[in-house]
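Quick notes on the structure that follows.
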Amino acid sequence: MPCCCFASAGARVYDLSVTREFYARAAYAPLWTNALAVGELADSIEQAWREGMNPDDYHQRQVQGLRDGSLSLDVAARDLLLIDSLVRLIYHYALCKLKPASAMYQNLVSALARYRSFATHGDWIAVDEGPTLRVGIVDCG
């Protein structure tokens, strides 16, 4: 069971065995030294949002801040935040029960985008106020 090892820029970063193994294999050297890789992670988090995942689960604000330079962390905190983000993202994709190439999955992603557009542009159909509906009550207007 993971224990929270520290908070970094408002994000909770966990001490996971997979994270320890990544760093052991890299002789504990920083893994996130390439700005392009940070950008790709930020893009992947944005894609996860389009697919219905919560970007806060992957430290979107902090990753974007590291990408655009508005957030500065020491090397260790930066690396651990980014690897935690990546591990969480991979883990959640691995748990996905729908195959991204399936028609059902594509329909769900399209519907999510349509409903988000409704919410953004105020295209929701208004429902007039009326009495509260309760189980067993039928109101045919």
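The values are calculated or read from the model by the stated rules, or taken from the named source; none is laboratory data. Owing to the predicted nature of the structure, the values given are computational and were not obtained by experimental measurement. Cβ atoms come from the backbone with ideal geometry, glycine included; neighbour counts cover every protein chain shown.
See the values below:
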{"read-out": "Residue, modelled with the lowest pLDDT, within the stretch 100-120, restricted to residues that are in a loop (DSSP other than H, G, I, E, B) and surrounded by 10 or more Cβ atoms within 10 Å (Cβ to Cβ)", "value": "100"}
{"read-out": "Pick from the stretch 1-47, criterion small (Gly, Ala, Ser), modelled with pLDDT of 90 or more and surrounded by 15 or more Cβ atoms within 10 Å (Cβ to Cβ), ranking: farthest from residue 59 (Cα to Cα)", "value": "39"}
{"read-out": "When residues of the stretch 49-63 are limited to those that are outside any loop (DSSP other than H, G, I, E, B) and at pLDDT 90 or above, the one nearest to residue 82 (Cα to Cα)", "value": "63"}
{"read-out": "Residue list for the stretch 64-78, filter: polar (S, T, N, Q) and outside any loop (DSSP other than H, G, I, E, B)", "value": "64"}
{"read-out": "Among (1) surrounded by 10 or more Cβ atoms within 10 Å (Cβ to Cβ); (2) outside any loop (DSSP other than H, G, I, E, B); (3) without any contact (Cβ under 8 Å) to a residue 24 or more places away in the chain - the single one residue 123 does not satisfy", "value": "(2)"}
{"read-out": "Selected residue (only one of 104, 53 is among the aliphatic types (A, V, I, L, M) and under 16 Å from the mean Cα position of the chain (by Cα))", "value": "53"}
{"read-out": "Some residue of the stretch 96-109 being in contact with a helix residue (DSSP H, G or I) (Cβ under 6 Å, 6 or more places away or on another chain) and of a type in the set (Gly, Ala, Ser)", "value": "no"}
{"read-out": "Which listed residue is farther than 19 Å from residue 9 by Cα and in contact (Cβ under 8 Å) with a residue 12 or more places away in the chain, from 80, 89, 108", "value": "108"}
